[in-house]
Amino acid sequence: QVQLVESGGGLVQAGGSLRLSCAASGSTTGFNTMGWYRQAPGKQRELVARITSYGNTNYADSVKGRFTISRDNAKNTVSLQMNSLKPEDTAVYYCKAFRIPNNYWGQGTQVTVSS
């Protein structure tokens, strides 16, 4: 069994920064991809950023140049540095880990950006 626990959410003013972290515990060997998704009220959950075990990354167009994802394979953690935050970044952010054939999700952490 895998547990993912996010931390680092909160309230920040537009233009500010937050760093989200996600720690995996349990059976954590061999995650293929880890990433962050978000879901705003009334909207579908969407990919924010993801990173493979080799360090390859991809980002949603809306966050490119502002967010940076990183991963520590030894510690089974994934982080998301969010800079230049905008009100439209307000959402619940979820950590996800993928290991064939399963997806594992964290419980989510709220990020609120005030204008």
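The values are calculated or read from the model by the stated rules, or taken from the named source; none is laboratory data. What you see is a predicted model; the values in this text were computed from it and never measured. FYI the Cβ positions are ideal-geometry reconstructions off the backbone, even for glycines, and counts take in every protein chain you see. Surface areas here come from the heavy atoms of the whole protein model, side chains and all, with no ligands, DNA or RNA. Shrake-Rupley method; radii C 1.70, N 1.55, O 1.52, S 1.80 Å.
Take the residues in region 19-50 that are outside any loop (DSSP other than H, G, I, E, B) and among the hydroxyl-bearing types (Ser, Thr, Tyr), then tell me which one is surrounded by the fewest Cβ atoms within 10 Å (Cβ to Cβ). For region 19-50, the residue satisfying everything is Ser25. Across region 51-83, what is the total count of residues that are touching a residue at least 24 places away in the same chain (Cβ under 8 Å), assigned to a strand (DSSP E or B) and open to solvent by 20 Å² or more (accessible area, probe 1.4 Å)? Total satisfying the criteria: 3.
Note on region 84-115: residues that are without any contact (Cβ under 8 Å) to a residue 60 or more places away in the chain, of a type in the set (S, T, N, Q), farther than 16 Å from Ser27 by Cα and surrounded by fewer than 18 Cβ atoms within 10 Å (Cβ to Cβ) total 0.
For region 9-33, what are the residues that are in contact with a strand residue (DSSP E or B) (Cβ under 7 Å, 6 or more places away or on another chain), of a type outside the set (Gly, Ala, Ser) and at pLDDT below 95?
Quick first cut of region 9-33, residues in contact with a strand residue (DSSP E or B) (Cβ under 7 Å, 6 or more places away or on another chain) only: 9-14, 17-28, 30-33.
When the remaining residues are screened for being of a type outside the set (Gly, Ala, Ser), the result is 11-13, 18-20, 22, 28, 31-33.
Passing the criteria: Thr28, Phe31, Asn32, Thr33.
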